[in-house]
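The block underneath contains the structure these notes are about, expressed in structure tokens.
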């Protein structure tokens with residue numbers, strides 16, 4: 001399976017924030033909710049649910065005089081711009097915004113806690129060796145495979161088709 005959203009965001013911070021800042025860093029899930037949303041996705045895949053959770057990322061002893069906290073905010077903005085948040089729209093939580101909680105500890109350090117609402121699909125596919133028994137068969141967790149049509153032809157009442165896309 002590919003990375004979860006939390007793993008992706010964590011990797012972005014680990015790759016782009018100075019190592020000294022990341023010494024007191026941790027990331028984990030909080031407030032997980034299971035939203036039943038069964039859907040046949042084709043290709044033998046079924047979405048069982050949408051998992052809604054808050055990603056908590058914390059920096060203890062963040063040296064705000066050496067590294068501007070705006071770096072963290074800019075990295076989050078870049079990630080949000082590229083990450084798909086469409087599932088939050090599907091469950092009516094598209095208005096949820098990231099929350100920053102900053103507590104100054106000393107003249108040079110602060111504790112920063114970032115809470116980011118996230119949602120991911122729980123998708124399974126038939127697999128005779130899968131770990132999940134469901135509907136009398138075995139299934140495995142998978143990253144959904146989606147096929148996208150590049151071209152098509154729409155036929156009306158006669159044989160002259162109307163091309164769609166670049167043929």
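Coordinate-derived values only; no laboratory data. All values derive from a computational prediction rather than experimental measurement. Cβ coordinates were reconstructed from backbone atoms using ideal geometry, including for glycine residues, and neighbour counts include every protein chain displayed.
Some values worked out for this structure:
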item	result
Quotient of Cα Rg and 2.2 N^0.38 Å for the chain, N being how many residues it contains	1.40
Ascending count of other beta-carbon atoms within 10 Å, so fewest first, for 123, 116, 154, 102	154, 102, 123, 116
Relative contact order (percent, whole number), the stretch 5-164, Cα cutoff 8 Å, 6+ residue spacing	22
Ranked 155, 62, criterion: other C-beta atoms within 10 Å, fewest first	155, 62
Inter-centroid distance (Cα atoms) of the stretch 23-72 relative to the stretch 94-134, Å	1
Set of the stretch 40-62 residues, backbone N closer than 14 Å to the point 7 Å along the Cα-Cβ line of residue 111	57-62
Two-site FRET efficiency, residue 16 against residue 148, from Cβ-Cβ distance with R₀ of 25 Å, rounded to 0.05	0.25
Label-point separation, residue 101 to residue 122 (7 Å along Cα→Cβ), nm	2.6
